[in-house]
């Protein structure tokens with residue numbers, strides 16, 4: 001019997017081993033590789049010898065490979081075995097079981113590594129596939145949404161546990177049945193197109209009604225996902241979410257919103273619902289307040305378009321506080337109507353958490369323009385009352401000594417010719433005091449019952465103009481009258497009304513020292529009221545002074561007392577009318593007296 005030399009035996013074992021074998025230099029270069037390792041990696045021996053072992057190692061395993069090599073080199077271990085990945089020449093990943101140890105020379109110096117590689121790719125893929133299948137099966141079975149798998153004809157071949165819970169049918173009752181049997185027929189017919197349309201491989205999502213096993217309707221949201229095998233569509237996965245409770249909640253919410261809208265729609269106070277400063281809803285009273293024709297004109301607009309700029313900061317701050325949960329009590333604003341009119345309002349805001357599925361702010365608005373006007377009238381009335389009480393106590397006390405002083409001044413004046421200018425000035429000032437006392441006496445008179453009579457307004461105004469015509473001519477003022485022919489007479493106390501007209505016309509003439517035109521108009525303001533308007537071309541009155549007109553001792557004239565205009569307000573008020581004054585400095589003044597008709 002003959003034996004091959006050891007070298008030949010080693011060479012044959014190296015070359016024909018079913019496992020890959022490689023000798024690796026200490027610097028990582030391949031020194032020798034067998035056929036099996038070339039088959040595992042896809043490289044030829046010549047190609048591998050030009051590379052190092054790290055160049056074909058999978059990037060995720062580089063650190064692990066370096067770690068084991070260092071531990072071998074440092075004598076920490078003498079052998080290691082691990083699963084490792086290489087990159088095949090064609091680019092895919094190859095799994096190997098790697099066993100490696102370090103060889104030494106007689107002087108115990110390290111020479112090279114000898115490594116063996118067992119290809120475990122098939123095993124790893126099979127194991128991973130099984131794990132993935134188990135994961136998929138677990139996901140499929142325990143998914144909270146119902147999942148039905150069916151073929152292209154709609155026959156169910158798989159369904160999960162949630163399906164049984166949602167539909168009420170057991171899995172055995174669902175399998176191999178046509179999927180359309182479990183949906184409301186009319187809705188399935190409409191949605192079938194989504195089910196059939198799979199050409200673009202995109203999921204289709206739609207709402208559909210189904211019938212529970214008990215016969216009750218259930219609302220689903222269904223997503224149809226094409227089932228693809230080897231690039232061919234072989235069926236569908238239907239992912240079904242039960243929307244019944246959500247639909248019911250939406251219905252309740254919608255009904256509540258409708259009831260809420262209906263409630264606030266008919267309330268007499270203006271109510272606006274807004275979100276982030278934008279109108280969402282406004283009731284009928286609010287539409288009338290703003291001066292809009294319909295709600296559509298307002299929804300979507302900013303509430304700041306209707307709030308006077310002076311109050312923007314206050315409104316923004318209040319909205320911020322309400323959004324954070326605070327309730328803002330009634331506070332005053334100036335509001336701009338759609339026709340540009342500015343009115344006084346007060347508003348109260350609160351947060352509404354559920355309005356059409358979102359949080360909004362509800363604001364109640366009150367028009368307080370008339371209230372402010374009434375308060376102003378009361379304030380003036382209080383002043384008038386106070387002046388009347390003062391006049392009652394003072395007027396009589398002043399008149400007696402005033403008469404005596406005037407008499408002695410006239411007596412002294414008749415006895416001497418000296419200092420006549422002084423006497424004239426003193427008598428002039430005494431006359432002025434007497435005039436003021438006379439005005440006081442009018443205020444001090446107790447309220448009397450006014451006897452209204454039918455009087456011709458044309459004749460009344462003509463008589464007044466005949467009295468003041470001379471004063472008008474002296475001041476180069478022309479007076480023009482425009483009286484509607486159908487207004488013949490009004491109910492009034494003639495003397496008191498004359499006093500008002502005389503006062504107003506004299507003020508207009510005095511306001512035009514350089515001449516001008518005074519227009520007197522009489523016409524119907526509406527079905528029940530008559531408007532008597534005086535328009536002059538005088539110097540006008542500043543805007544900030546207009547509210548104080550009619551107050552005692554407030555006058556725009558240098559030596560005026562304000563008592564004459566205050567008496568005008570009182571007389572017109574006693575006639576159940578009111579006065580409105582508009583003026584522009586340098587342009588003139590428009591003085592309106594509104595009185596009830598017959």
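Out of the residues in the stretch 266-299 that are more than 18 Å from residue 333 (Cβ to Cβ), out of contact with any helix residue (DSSP H, G or I) (no Cβ under 9 Å at 6 or more places or on another chain) and in contact (Cβ under 8 Å) with a residue 12 or more places away in the chain, state the one that is surrounded by the fewest Cβ atoms within 10 Å (Cβ to Cβ).
299
Considering only the stretch 313-323, I want to know if a residue exists there that is crowded, with 18+ Cβ neighbours inside 10 Å, modelled with pLDDT of 85 or more and over 17 Å from the mean Cα position of the chain (by Cα).
No.
Which of the residues spanning the stretch 101-126 are exposed (fewer than 12 other Cβ atoms within 10 Å of the Cβ) and either in contact with a strand residue (DSSP E or B) (Cβ under 6 Å, 6 or more places away or on another chain) or at pLDDT below 80 (or both)?
Once the filter is applied, which keeps residues that are exposed (fewer than 12 other Cβ atoms within 10 Å of the Cβ) and either in contact with a strand residue (DSSP E or B) (Cβ under 6 Å, 6 or more places away or on another chain) or at pLDDT below 80 (or both), the stretch 101-126 yields 103, 104, 105, 126.
So which of 459, 506 is assigned to a helix (DSSP H, G or I) and over 27 Å from residue 566 (Cβ atoms)?
Answer to the selection: 459.
Among the candidates 350, 363, single out the residue that is outside the structural domain of residue 547 (by TED's automatic domain parsing), touching a helix residue (DSSP H, G or I) at 6+ places or on another chain (Cβ under 9 Å), touching a residue at least 60 places away in the same chain (Cβ under 8 Å) and outside any loop (DSSP other than H, G, I, E, B).
Just a single option satisfies the conditions, and that option is 363.
Condition first: more than 53 Å from the chain's Cα centre (by Cα), surrounded by 15 or more Cβ atoms within 10 Å (Cβ to Cβ) and assigned to a strand (DSSP E or B). Now tell me which residues in the stretch 467-489 satisfy that.
The answer is 477, 479, 489.
Can you name every one of the helices (runs of 4 or more DSSP H) wholly within the stretch 29-108 that holds 1 or more residues which are under 17 Å from residue 119 (Cβ atoms) and either out of contact with any helix residue (DSSP H, G or I) (no Cβ under 9 Å at 6 or more places or on another chain) or assigned by TED's automatic domain parsing to the domain that holds residue 120 (or both)?
Result: 35-41, 45-49.
Kindly indicate which of 19, 74 is free of Cβ contacts under 8 Å to residues at least 40 places away in the same chain and either surrounded by 13 or more Cβ atoms within 10 Å (Cβ to Cβ) or over 60 Å from the mean Cα position of the chain (by Cα) (or both).
74
Look at the stretch 201-217 and say how many of its residues are more than 36 Å from the chain's Cα centre (by Cα) and either closer than 16 Å to residue 182 by Cβ or surrounded by 16 or more Cβ atoms within 10 Å (Cβ to Cβ) (or both).
Number satisfying all stated conditions: 8.
The values are calculated or read from the model by the stated rules, or taken from the named source; none is laboratory data. Only a predicted model underlies this, so the values are computations on that prediction, with no experimental measurement involved. No Cβ is skipped: glycine too gets one built from the backbone with ideal geometry, and neighbour counts run over all protein chains shown.
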